[in-house]
Amino acid sequence: MEKRLFTVREIHLLVDELLRAIEYTSEEHVDDTDQKFQAGENEKLTLTVTEAAELIGVCKPTMYELVRSNSFRSLKVGKKILISNKSFTDWIRNGGIDAAETGKR
């Protein structure tokens with residue numbers, strides 16, 4: 001097997017595809033309200049810590065604390081933390097309540 005280096009863009013595409021597969025297989029049911037919040041073809045499946053912090057109006061250190069609390073799905077790729085857009089949106093929709101507490105994870 002030949003070793004290959006991946007570009008950052010290739011890694012992001014791979015991570016997005018994996019998150020999409022995880023989220024698709026973990027869906028028990030989808031109702032009309034959930035369809036409005038699902039990622040469209042051109043919508044990003046992941047957010048950076050900076051993007052997520054800007055969305056909810058908090059500083060980056062606070063966002064890093066939220067990531068460490070495992071309130072929503074995230075993963076580390078190299079030095080970069082990527083947050084699942086769907087999981088983050090669900091967390092916001094639940095009023096900042098951890099998905100594990102609501103039994104939806």
Exactly one condition in (1) modelled with pLDDT under 75; (2) outside any loop (DSSP other than H, G, I, E, B); (3) touching a helix residue (DSSP H, G or I) at 6+ places or on another chain (Cβ under 8 Å) is false for Ala39; which is it?
(2)
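How many residues does segment 58-77 contain that are over 16 Å from Ile22 (Cβ atoms) and either at pLDDT below 90 or among the hydrophobic types (A, V, I, L, M, F, W, C) (or both)?
To start, the set of residues in segment 58-77 that are over 16 Å from Ile22 (Cβ atoms) comprises 58-69, 71.
Applying the additional criterion that residues be either at pLDDT below 90 or among the hydrophobic types (A, V, I, L, M, F, W, C) (or both) yields 58-59, 63, 66-67, 71.
Qualifying residue count for the region: 6.
Going through segment 74-85 one residue at a time, which ones are surrounded by fewer than 22 Cβ atoms within 10 Å (Cβ to Cβ) and of a type outside the set (Ser, Thr, Tyr)?
Answer for segment 74-85, where residues must be surrounded by fewer than 22 Cβ atoms within 10 Å (Cβ to Cβ) and of a type outside the set (Ser, Thr, Tyr): Leu75, Lys76, Val77, Gly78, Lys79, Lys80, Ile81.
The values are calculated or read from the model by the stated rules, or taken from the named source; none is laboratory data. Note that this is a predicted model, so its numbers are computed, not measured. Please note: Cβ atoms are built from the backbone with ideal geometry, for glycine as well, and neighbour counts cover all protein chains shown.
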